[in-house]
Every structure is written in structure tokens, then in C-alpha cells.
Amino acid sequence: MNTANNCPLCAPFSDNQKIILQAATCYYIQKDSEQEVLEGSGLIIPKSHRQTVFDLSEQEWADTREMLQKAKQYLDETHAPEGYSVGWNTGEVGGQSIAHAHLHIIPRFKDEPFAGKGIRHWIKQPENMRR
């Protein structure tokens with residue numbers, strides 16, 4: 001897992017990552033590499049290295065909520081989606097590939113092939129049942 005010294009989200013200023021909005025304790029960023037398939041998608045991340053959502057401070061929670069509202073307003077104005085998928089992946093088994101808490105905000109559009117399929121669709125399929 002990443003540490004603050006080698007975490008790709010501790011300094012989200014690479015050519016591939018753009019800060020769209022920021023608050024006292026968090027950023028809303030978009031990654032160019034994600035825009036082709038997940039148009040408008042982005043992440044809310046704490047500025048301090050927090051491994052999981054469960055490690056956020058009260059202020060980080062408050063700022064994340066405020067940032068979520070601002071990101072939605074920004075996305076409504078720039079992309080006009082018909083819906084959203086919003087979620088955290090936590091822990092390796094939960095799908096977290098970068099050990100820095102990050103909230104996914106994914107605009108959804110009625111003309112996409114998986115429209116109507118929410119964030120739980122794939123994991124609630126019978127073939128995912130524990131044996």
C-alpha cells in the first residue's frame with residue numbers, strides 16, 4: 001500500500017490530474033486518463049494523507065460533503081448528466097487500489113450502455129456469492 005511519501009494523491013498536480021475545486025481540507029480533481037470512458041468523473045480527496053474514509057477527521061467529512069455539493073453543481077453545469085454514481089472503495093478487497101481515501105463522483109448518462117446499473121450492480125450478481 002502507498003504511504004504519504006509515494007502516494008499519487010498526496011500531490012495531485014501531475015499533468016494527468018487537474019484540481020477543479022478545493023476547500024480547506026480537500027480537493028475535487030479530475031484525471032485526464034479517465035475522461036474518455038467516464039466523462040466528467042472525478043475524485044474528492046483529503047489534502048492530508050488518510051488511508052481510508054474511516055480515517056477522515058470531522059472537518060474533512062464536513063468539507064467533503066460541501067465539496068460533493070460543489071462538484072455536483074460544476075458537473076450539472078458542464079456535463080448535464082441525468083444521474084450520478086458516488087462511492088468509496090475501502091481496503092484492497094473493497095476495490096481500493098490507492099491507499100489514500102478518495103470519493104468517486106461519476107456522472108451518468110441515459111445513452112451509456114450500462115445506464116441504470118448502480119454501483120452495487122456487479123457485486124450483487126449470483127456469481128459473486130461467497131462459497
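We did not get these values from a lab; they are worked out from the coordinates using the rules stated. Please read these numbers as outputs of a predicted model, since none were measured by experiment. Cβ coordinates were reconstructed from backbone atoms using ideal geometry, including for glycine residues, and neighbour counts include every protein chain displayed.
Of LYS47/LYS117; LYS31/LYS117; LYS47/LYS124; LYS70/LYS110, which pairs sit farther than 29 Å apart, going by alpha carbon to alpha carbon?
Pairs exceeding 29 Å: LYS47/LYS117; LYS47/LYS124.
For q = 0.11, 0.13 Å⁻¹, what log10 I(q)/I(0) does the chain give under the Debye formula with an equal point scatterer on each alpha carbon and no solvent?
These q points yield log10 I(q)/I(0) values of -0.41, -0.57.
log₁₀ I(q)/I(0) of the range 66-131 at q = 0.28 Å⁻¹, via Debye over equal Cα point scatterers, no solvent, to two decimals?
At q = 0.28 Å⁻¹ the computed log10 ratios are -1.19.
What's the ranking of 39-52, 108-121 by average number of surrounding C-beta atoms within 10 Å, highest first?
Ranked from most to least packed, the peptides come out as 39-52, 108-121.
Where does the chain land at 222 nm, in deg cm²/dmol rounded to the nearest 500, when only DSSP H runs of n ≥ 4 count, each adding -39500 (n - 2.57), divided by all residues?
When only DSSP H runs of four or more count, the value is -5500 deg cm²/dmol.
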